[in-house]
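One structure is given here, and the rest of the page talks about it.
The values are calculated or read from the model by the stated rules, or taken from the named source; none is laboratory data. Keep in mind that this is a model prediction, so the values were computed, not measured. A quick note on method: Cβ atoms are made from the backbone with ideal geometry, for glycine too, and the neighbour counts reach across all protein chains shown.
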Amino acid sequence: MSLKKSIILIVIILLIDQISKIYIKTHFTLHESVDVFDWFKIYFIENDGMAWGTKISDFISVVSDRTAKVALTLFRIVAIFGIGYWLYDATKKKSSRVLILAIALIFSGALGNIIDSVFYGVLFDDSISQVATFLPESGGYDSLLHGRVVDMLYFPLFEVDLPKWFPLYGGKRFNFFEPVFNVADVAISTGFIMLIVFNKKAFSKRG
């Protein structure tokens, strides 16, 4: 897989990701949802932390949420340059198609969420009890690097009351699948799964 094809794939994923996020941001209020099927909902939330909604400050109490947010965003920016070089190097060395495809997916997903984190605070006003507008006259809901990632894909496939003897979640109602995510998250997860499942093929000379 060539670098040109990888870039085309990245652009396509970025467009789908950003168009879906901008549409949700400018048509939904925060926590508004629409049932598509019994097992699939469009549910608008925003995530200003790490994966699964956790925050750096949850682990380092001396760090404020705003400082942690900037640190996380800057780390992501540095990481995306590293992933970009990895992709360039893999295509230059004619690595396996699986490896190049996986890296391209991870890169596009990471970049998609970075765009939210860096720019959305400036580009949109708040979504709390109102539908946000793009480039509002009064300014955005926060400053550069303090944007929140837009999530909207929710698959509550089933709920079950777990028996009390069940480890960790015993006696509680378990919802599968609870996380709300976006197209960028799907791209990142798919890329990592490909590297794990097709590890030997990914890192072989020929794909």
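Please specify each residue of region 142-176 satisfying the condition of being over 24 Å from Asn113 (Cα atoms) and modelled with pLDDT of 95 or more.
Result: no residue meets the conditions.
Suppose the filter is loosely packed, with under 15 Cβ neighbours inside 10 Å, modelled with pLDDT of 95 or more and either at negative phi or of a type in the set (Lys, Arg) (or both); does Ile8 pass it?
Taking the combined requirement at face value, the residue satisfies it.
Please state which one of Ile83, Ile77, Ile100 is under 15 Å from the mean Cα position of the chain (by Cα) and assigned to a helix (DSSP H, G or I).
Ile77
What are the residue pairs meeting all of these: first residue in region 12-28, first residue assigned to a helix (DSSP H, G or I), second residue loosely packed, with under 13 Cβ neighbours inside 10 Å, Cβ atoms under 7 Å, and 6 or more apart or on different chains?
Listed by first residue and then by second, the contacts come to Thr26/Phe134.
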